[in-house]
Structures are given as C-alpha cells and as structure tokens.
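To keep things clear, I will list the structure first and then write my remarks on it.
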Amino acid sequence: MIKHGILNPALASLLCRFRHTNWLVVADRGFPFWPQLETIDISLTDNIPTVRQVLAALRDNYSIGAALMAREFKRENAAKVQEEYTALLPGATLQFLAHVDFKKRVPAAIGLIRTGDTTQYGNILLQSA
C-alpha cells in the first residue's frame, strides 16, 4: 500500500508520464473540457483542492523548469496570492501571456488536472525540466 506521495491512482498514472519538456495543466473548477486531453478531475467542492495545493504536492517529486499563466492573473489577484504561486515554483521560469494565448497552449499538454480552485485566472501550465 502506498504510504506517501500522490495517492489517487489516475493522477499518479498521469504524473508518471510527465517527462522532460512535457507540459501539464493544473486548472480551476471552471476550466473548459478538452476532449483530446486526459483529464483527472480531483475537484471536491469550492477550493478543495486548490491549484496551489496541487503545486505543493507536486514540487517535492517533480522538477518544473517553466510555467505559464494568464497575464490577467496579476491584475485580478492580490500580491499575497501571486507570491504564493511564485514560492511554489522555485527555480522555474514563470511567464505570463494573454489568457486567450494561454488557452491556445493547452492542447500541447499531456494532461489536465482539474481542481476546485476559485482563484481568478489561477490556471497554470507546467513544463517538466
């Protein structure tokens, strides 16, 4: 029996395929469905879990080289929220682009983790280092 780490079997399977230079989306509860992407929905209720909680669970086992977020995230969220995201991405290059351009990058991902997050524009694309 697994005693630590990612316990959800579908999520663990997806994460085992998150390799060098692959992209992975961690998204909020309202993120659109993308039929071509494997989607692991771990949402339970509002803000359970959050994108930040998923990032915290990933950071000990995955090396994130780059991350993309919508530029609108900075406009819609307090400095504290922005700092929390940045702190969860040590060593990663974080870039911001227009929300519409962010969505254009989604099909290149190997999968999508949908959370219960309600943070405005809190979706993030992660690239494995």
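Reachable lysines from Lys103, Cα under 29 Å, same-chain residues fewer than 8 places away excluded?
Straight-line reach from Lys103, under 29 Å: Lys74, Lys80.
How large is the helix-only mean residue ellipticity at 222 nm for the chain, computed as the sum of -39500 (n - 2.57) over DSSP H runs with n ≥ 4, divided by its residue count, in deg cm²/dmol to the nearest 500?
Values: 5 runs with 38 residues, N = 129.
Calculated from helices alone, the mean residue ellipticity at 222 nm is -7500 deg cm²/dmol.
Let me know the volume per residue of the alpha-carbon convex hull for the chain, in Å³. Walk me through the numbers before you get to the answer.
Numbers: hull volume 13.4 nm³, N = 129.
Per residue, the Cα convex hull of the chain comes to 104 Å³.
Shape of segment 13-62 from its Cα gyration tensor (a ≥ b ≥ c, root eigenvalues): rounded if a/c is under 1.5, otherwise prolate when a/b > b/c, or oblate?
Values: a/c = 2.22, a/b = 1.19, b/c = 1.87.
Since a/c reaches 1.5 but b/c is at least a/b, the shape of segment 13-62 is classed as oblate.
When only C-alpha pairs under 8 Å and at least 6 residues apart count, what is the relative contact order of segment 60-129, in percent?
Numbers: 80 pairs, mean separation 40.8, N = 70.
Here the relative contact order equals 58 percent.
None of the figures in this text is laboratory data; all of them are computed from the coordinates on show. Here the structure is a predicted model, which means the values were calculated and not measured.
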